[in-house]
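Only one structure is covered here, and it is reproduced in the block below.
The values are calculated or read from the model by the stated rules, or taken from the named source; none is laboratory data. These numbers come from a predicted model, not from an experiment. Every residue, glycine as well, gets a Cβ built from its backbone with ideal geometry; the counts of neighbours run over all protein chains shown. Accessible surface is based on the protein model in full, side chains and every heavy atom, while ligands, DNA and RNA are left aside. Shrake-Rupley method; radii C 1.70, N 1.55, O 1.52, S 1.80 Å.
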Amino acid sequence: MPVNQLPPVAKSFFAFCKKCDADRYHVVVAHTSAKSAKIKCEVCGSQKSYSLPKANGATKGAAKVTRTRASTESARKSSHNAEYEAMMLAQESSKEISYSVKGHFQLNQKINHPKFGLGIVRGVHMDKVEVVFSDEVRNLVHNRE
Ligand SMILES: [Zn+2]
């Protein structure tokens, strides 16, 4: 059942009652339009009109956000690929070393990771290196005794 639909007449649903100052079951007395109904609090008996939240607009908005996120994602990915290729090209002649947690890696070091493949160190921290792999940037441990 779509969320943006009124509960049928005589059905009860949870809504806020101002008079009770609490969430109460309200019985639907009548539909006054496609999006509003007259409802009655089951506890205090007060009647009020209830309108559906504008779910349509919200759904459209959400879809838009998803699309934006998807295109950002692909843009991010292609800029990542460009970065990876540029870095690989720059280090074309340097020798890669096998990754190990006991290794000590420098900036621009070419790393051969058994699982992620070839990568280039983009950032060096005390115990971690930021490595650009063909699919994404990963933080790997190093300097581990
Ligand atoms: Zn009430």
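What percentage of the solvent-accessible surface of the range 92-141, computed with a 1.4 Å probe over protein heavy atoms, is contributed by carbon and sulfur atoms?
Working: 1540 of 3090 Å².
It is 50 percent, rounded to a whole number.
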Suppose each label sits 7 Å from its Cα in the direction of the beta carbon; what would the residue 88-residue 127 distance come out to in nanometres? 3.2 nm
Going by the alpha-carbon gyration tensor, a ≥ b ≥ c the square roots of its eigenvalues, is the range 92-141 rounded (a/c under 1.5) or, if a/c is not under 1.5, prolate (a/b greater than b/c) versus oblate? rounded
In terms of the charge dipole of the chain, which places +1 on Lys and Arg and -1 on Asp and Glu at the beta carbon, the residue among 100, 79, 117 farthest towards the positive end is 79
Between residue 72 and residue 108, how high is the FRET efficiency from 1/(1 + (r/R0)^6) when r is the Cβ-Cβ distance and R₀ = 35 Å? Nearest 0.05. 0.80
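Provide the per residue accessible area, probe 1.4 Å, for the range 12-55, rounded to a whole number of square angstrom. Each step should come with its number before you reach the end.
Working: 2880 Å² over 44 residues.
Averaged over the residues of the range 12-55, the accessible area is 65 Å².
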Can you give the charge dipole size of the chain about its Cα centre, rounded to the nearest 20 debye, using +1 on the beta carbon of Lys and Arg and -1 on the beta carbon of Asp and Glu? 1060 debye
